[in-house]
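One structure is given below, encoded as structure tokens.
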Amino acid sequence: MIWTVLWAFLLSFMMAYVVSNMAGTEFAFSQVIIMTILFSLAAIVLGEGVIKEEA
């Protein structure tokens, strides 16, 4: 789970940085935190419950 949160943080940071630069606006770290929480929750929910391996 630590790796999930770490990758979610890194990808969120990169995405927020690139989008804010392309839009010409200020970089907001709060967007990174919000996206990290959303991406982490989505990955954990999908990985633990929704997506099942066929045996």
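The values are calculated or read from the model by the stated rules, or taken from the named source; none is laboratory data. Fair warning: this is a prediction, and the values are worked out from it, not measured in the lab. In this analysis, Cβ positions are derived from the backbone assuming ideal geometry, glycine residues included, and neighbour counts consider all displayed protein chains. These area figures cover heavy atoms from the full protein model, side chains too; ligands, DNA and RNA do not enter into them. Shrake-Rupley method; radii C 1.70, N 1.55, O 1.52, S 1.80 Å.
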Selection from the range 35-55 of residues open to solvent by less than 60 Å² (accessible area, probe 1.4 Å) and in contact with a helix residue (DSSP H, G or I) (Cβ under 9 Å, 6 or more places away or on another chain) yields M35, T36, S40, A42, A43, I44, G47
Of the conditions (1) open to solvent by 70 Å² or more (accessible area, probe 1.4 Å); (2) part of a helix (DSSP H, G or I); (3) at pLDDT 90 or above, the single one that V32 does not satisfy is (1)
Screening M15, M22 for residues that are surrounded by 11 or more Cβ atoms within 10 Å (Cβ to Cβ) and aliphatic (A, V, I, L, M) leaves only M15
